[in-house]
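Here's the structure, in structure tokens; my notes come after.
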Amino acid sequence: MAFKKGQSGNPAGKRRGTRSRTTIQLQKALLRLLDEHMDKLSEDFGVMKPKERATLLINLAKHVTPPALNPERLTEEQMEQIISYLEKKRKDEQSTTKGQN
């Protein structure tokens with residue numbers, strides 16, 4: 001049985017964009033390391049050149065910030081949920097604005 005392009009071999013499997021346990025564990029370990037050594041890191045950070053500081057921050061941010069949302073990878077259902085959420089939020093904001101006038 002051949003797989004169809006864009007269709008998972010395990011439909012009940014992990015959803016797209018879901019982080020693996022390893023990724024989550026790595027993120028937690030990195031945050032712990034940063035927290036435990038913040039004083040030393042602050043000292044080291046202070047003596048680094050601006051370009052080195054920027055590079056360090058960019059590299060660290062990759063491990064502690066969620067990935068950007070790629071709309072092309074969303075399912076139809078996910079897109080509909082986002083649209084519904086935004087429509088409701090807009091409606092709520094409009095009714096709040098009208099109530100203030």
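Annotations
- Taking every lysine pair in the chain that is 8 or more places apart or spans two chains, those with Cα atoms closer than 18 Å amount to 7.
- Option label - Cα extents along the principal axes in Å computed here, alternatives [x] 63, 49, 24; [y] 41, 29, 25; [z] 36, 29, 23: [x]
- A simple charge model with +1 on the Cβ of Lys and Arg, -1 on the Cβ of Asp and Glu and nothing else charged puts the dipole of the chain at about 400 debye relative to its Cα centre.
- Under the span-like rule (Cα at least 15 Å along the axis, Kyte-Doolittle mean at least -0.5), DSSP H helices of the chain: 21-36, 50-64
- Which of Phe45, Gln81, Ala68, positive extreme of dipole for segment 45-94 (C-beta unit charges): Phe45
Read-outs throughout are calculated quantities, based only on the coordinates presented, and are distinct from any laboratory measurement. This structure is a prediction, so every number in the text was calculated from the model and none was measured. Please note: Cβ atoms are built from the backbone with ideal geometry, for glycine as well, and neighbour counts cover all protein chains shown.
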